[in-house]
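> Pasting in a structure now, in structure tokens, and then I'll have a few things to ask.
The values are calculated or read from the model by the stated rules, or taken from the named source; none is laboratory data. Small disclaimer: the values here were computed from a predicted structure and weren't measured. Glycine also receives a Cβ, built like all others from the backbone with ideal geometry; neighbour counts cover every protein chain displayed. To get the accessible areas, we keep the full protein, side chains included, count just its heavy atoms, and leave off ligands, DNA and RNA. Shrake-Rupley method; radii C 1.70, N 1.55, O 1.52, S 1.80 Å.
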Amino acid sequence: MLSLLDIVGQDAVLSRLQRNINAKRLHHGFLFAGMRGIGRRTTAQALAKLLLCESPQVAPNAGRAGYLAADELLHLPCDVCESCRLMDAGTHGDYHYVYKELAQYHDDAAVRQRKMQALSIDVVKQFLLDPADNAPSRGVGKVFVVREAELMSIDAQNAFLKTLEEPPPGVTLILLTQKPENLLPTTRSRCSAFRFAPLAEEFVIGQLVAEEIEEHEATFWARYTGGSVGLGLEMARAGMYEIKRTLLDDLASLGAGRGGMGEAWAKITDTLAEAEVSRAKREQGANLSKAVASRRAASQMLMLLASACLDAVTLSIGLDRPLVHADQRNAISAVA
């Protein structure tokens, strides 16, 4: 039974949302900005559940939410109406989750066959603009959540602007983005922006350990991701921890005169890209471009190497900063 009370580590966002609801100043367009895996999508779902609830509850906070004073009003879904039950089951007809991979379900076969690189105008029109004009199935309203909004093409954003500026009655639009600067200024200006903060290291470690990840690995992912449960869990499950250990051992051995690692690293990158293409096909039935997957895999490799080099600089000049790769301190010392 998801609600805003279940969101952890985003007190500034949650308090502002509740106070805007209290003041009847809740915007119809939101921009939830921040890194992956820190609660943006979960918050959007919880807000959608509240907005679509047929009997929303309002009562003094009385200590239930630590980010609000005891006498401030707290708004929560009832959790018992049909709308709440449908949201909990993931089958609410007025909640729309929009993402580029929906191209595979497009009415046009040509769109279905395209490789996924951007959130195209075809997807935005069929899965957002057209349904936004239809009456809600339960009469309360409609909520559209757009994942990776920064990937919307220029044409898609321009087509989206009118709906974003003057949506049909009861329609709420929530854009999720890691890079708000990549959106058009006209898109950003029509949204109420909320910046989501990285999660505390101890919290991330605890969440990953709860998913049966060893504590030393969980500590690494908490530091490497900068406070993202979702990204840490995703990379751990993809087997990236053993890859990073191999990379660091290879990097450390360069000082001993070992070479020829470029080809081995390139093979690892290619394997990661192929795995991502397969995963997209298996989990989403989507045709992910190999070129896009290769760029992502290369980026992962470079980021791991860069974090190791930063750790080496930390040791070399005595910075007061915890090592990201504390589990391979000897290798970092060799690189330093």
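> With unit charges on the beta carbons (Lys and Arg positive, Asp and Glu negative) and the dipole taken about the Cα centre of segment 37-152, which residue among Thr42, Val111, Gly93 sits farthest to the positive side?
Val111
> Over the Cα atoms of segment 1-123, what radius of gyration and what Dmax do you get, in Å?
17.2, 56
> Right, something else. When N is the residue count of segment 175-215, what does its C-alpha Rg come to as a fraction of 2.2 N^0.38 Å? Before the final figure, lay out the partial values.
Details: Rg = 16.1 Å, N = 41, 2.2 N^0.38 = 9.0 Å.
Dividing the Cα Rg of segment 175-215 by 2.2 N^0.38 Å gives 1.78.
> Straight-line reach only, C-alpha to C-alpha below 19 angstrom: list the aspartates and glutamates that Lys267 could link to, leaving out same-chain residues fewer than 8 apart.
Correct list for Lys267: Glu242, Asp249, Asp250, Glu276.
> Provide the net charge surrounding Gly230, with neighbours chosen by a C-beta distance below 10 Å and charges set as Lys +1, Arg +1, Asp -1, Glu -1. Working shown, then result.
Details: positive: Arg36, Arg40, Arg41; negative: Glu234.
Charge balance near Gly230 sits at +2.
> How large is the translational diffusion coefficient of segment 99-155 in µm² per second when you combine the Kirkwood radius over alpha carbon pairs with Stokes-Einstein at 10 °C and 1.306 mPa s? Intermediate values should be presented prior to the final figure.
Numbers: Rh = 12.2 Å.
Estimated diffusion coefficient is 131 µm²/s.
> Just want the answer: with Cβ charges of +1 for Lys and Arg and -1 for Asp and Glu, which residue in Met235, Leu2, Leu128 is farthest toward the dipole's positive end in the chain?
It is Leu128.
> Please compute the length gained on full extension between Glu212 and Arg279, using 0.36 nm multiplied by the number of residues separating them and subtracting their Cα-Cα distance. Write out the running numbers ahead of the final one.
On the way: separation 67, 0.36 × 67 = 24.12 nm, distance 2.17 nm.
Gain on stretching Glu212 to Arg279: 21.9 nm.
> Nothing charged except the Cβ atoms of Lys and Arg (+1) and of Asp and Glu (-1): what's the magnitude of the dipole of segment 158-299 about its Cα centre? Round to the nearest 20 debye.
Working: 17 positive and 19 negative charges, 143 e Å.
In total the dipole reaches around 680 debye.
> For the chain, what is the accessible area per residue in Å² when the probe is 1.4 Å?
Result: 48 Å² of accessible area for each residue.
> Any idea what the dipole of the chain comes to, in debye rounded to 20, about its Cα centre with Lys/Arg Cβ at +1 and Asp/Glu Cβ at -1?
Charge dipole of the chain: 720 debye, to the nearest 20.
> Working out 0.36 nm times the residue gap between Thr271 and Asp320, then minus their Cα-Cα distance, what length gain in nm do you get to one decimal?
Numbers: separation 49, 0.36 × 49 = 17.64 nm, distance 3.65 nm.
Result for the pair: 14.0 nm of gain on full extension.
> DSSP loop trypsin sites (Lys or Arg not before Pro) in segment 35-66 with at most 14 other Cβ atoms within 10 Å of their Cβ, which ones?
Details: sites: Arg36, Arg40, Arg41, Lys49, Arg64; in loops: Arg36, Arg64.
Sparse-neighbourhood loop trypsin sites (Lys or Arg not before Pro): Arg64.
> Can you tally the net charge around Val140? Count Lys and Arg as +1, Asp and Glu as -1, for every other residue whose Cβ sits under 14 Å from the Cβ of Val140.
Details: positive: Lys49, Arg85, Arg138, Lys142; negative: Glu54, Glu82, Asp94.
Spelling it out: positives minus negatives among the neighbours equals +1.
> Still on this structure, I have one more. Given only helices, namely DSSP H runs of n ≥ 4 each adding -39500 (n - 2.57), what is the per-residue ellipticity at 222 nm of the chain, to the nearest 500 deg cm²/dmol? Intermediate results must be reported in sequence, preceding the final value.
Details: 14 runs with 161 residues, N = 336.
That calculation yields -14500 deg cm²/dmol at 222 nm.
> Moving on to the next point. Checking a compactness column here: for segment 174-244, what do you get for Rg(Cα) / (2.2 N^0.38 Å), N being the number of residues?
On the way: Rg = 15.4 Å, N = 71, 2.2 N^0.38 = 11.1 Å.
Dividing the Cα radius of gyration by 2.2 N^0.38 Å gives 1.38.
> With Cα extents along the principal axes in Å defined as stated, name the option among (1) 70, 55, 36; (2) 87, 57, 39; (3) 63, 47, 38 computed from the structure displayed.
(1)
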